[in-house]
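Structure, as structure tokens:
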Amino acid sequence: PAVPHQAAAAPHQPAAPLPQAAAPLPQPTAPQQPAAPVAAGPGGGQTSWAQQVHRLAGTGEGEPPVAPWKPPVEDVFQAAARRQAAARPAGLGKRLAARLIDTVVLGAVTAVAAVPLGLKAVDHVNGKIDEAKLSGETVTVWLLDGTTSAYLGIVLAVLLLFGVVYEALPTAKWGRTLGKKLLGLEVRDIEAHEPPAFGAALRRWLVYSVPGLLAVGLVGVVWCLFDRPWHQCWHDKAANTFVAG
């Protein structure tokens, strides 16, 4: 503070001490917050772009954090149902290749039982022919008798039973056999678009195999070339199924 002007002291008199002005007490001041940056230009007075970004990111004090946006995740069950519903009949070339693979597997397993029994049947028939020659009479030799019929029945039983294990069971459980799995094919019910039940899969195999042994099954297999729209063979029609690819 400024000191007031004093008059000159009289000679030979000491000057009176000046009163000291009391120093002002320091006042507590609140901490100053940094001023928010203000955008320049005609939009003055608004917060800057950087501050708006920080606020949106949840960095502002007292503001809840902003959850990041995530794209909606598709339900796996609905996606699988849509894929099943969108299945279409497989190409005839793939179906033929898959059937050839399955036929080779069935034939190989059946041959394990058919070859030894076939050799026994041949020896049995040759023995009957030799006996007829030694008799010196005209004798009718039947190739199919009780012995050869039993051998043939065993071979057919092996073929049909192994076909149930190889064809019907995998078709009912997974909708495909080994050949269809290698070619990316599946057997599905026409209405539910799911693997058929075991009864339908068994009926499908029997309608394919039994007429096939009588050489009539070839017509049922070729039937898929003209069938529309599912390209069903006779065994597919019997089981109400189609081959999807």
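The values are calculated or read from the model by the stated rules, or taken from the named source; none is laboratory data. Since the structure is predicted, the reported quantities are computational estimates derived from the model, not experimental observations. Every residue, glycine as well, gets a Cβ built from its backbone with ideal geometry; the counts of neighbours run over all protein chains shown. With ligands, DNA and RNA removed, areas are computed over all heavy atoms of the protein, side chains included. Shrake-Rupley method; radii C 1.70, N 1.55, O 1.52, S 1.80 Å.
Miscellaneous remarks
- In this simple spin-label approximation, Trp223 and Ala197 carry label points 7 Å from Cα along the Cα→Cβ vector, and these lie 2.2 nm apart.
- Ligands, DNA and RNA aside, Arg82 has an accessible area near 120 Å² when probed at 1.4 Å.
- Label-to-label distance, nm, for residues given as Leu178 and Asp123 (7 Å Cα→Cβ offset): 3.0
- Loop-resident GluC sites (Glu not before Pro) (DSSP state other than H, G, I, E or B) in segment 143-200 with no more than 11 further Cβ atoms inside 10 Å of their Cβ: Glu191.
- FRET efficiency estimate (nearest 0.05) - Cβ-Cβ, Arg82 to Leu214, R0 51 angstrom: 0.75
- Rounded to two decimals, the Cα-based Rg/Rh of segment 107-173, with Kirkwood Rh, is 1.22.
- Cα gyration tensor shape of segment 141-227, rounded if a/c is under 1.5, else prolate or oblate by comparing a/b with b/c: prolate
- What separates the Cα centres of segment 82-128 and segment 198-236 is a distance of 14 Å.
- Modelled label positions at Glu137 and Ile190, each set 7 Å beyond Cα in the direction of Cβ, lie 6.0 nm from each other.
- The alpha carbon convex hull volume per residue for segment 182-245 rounds to 88 Å³.
- Annotation: Cα Rg of segment 99-245 relative to the compact-globule expectation 2.2 N^0.38 Å equals 1.35.
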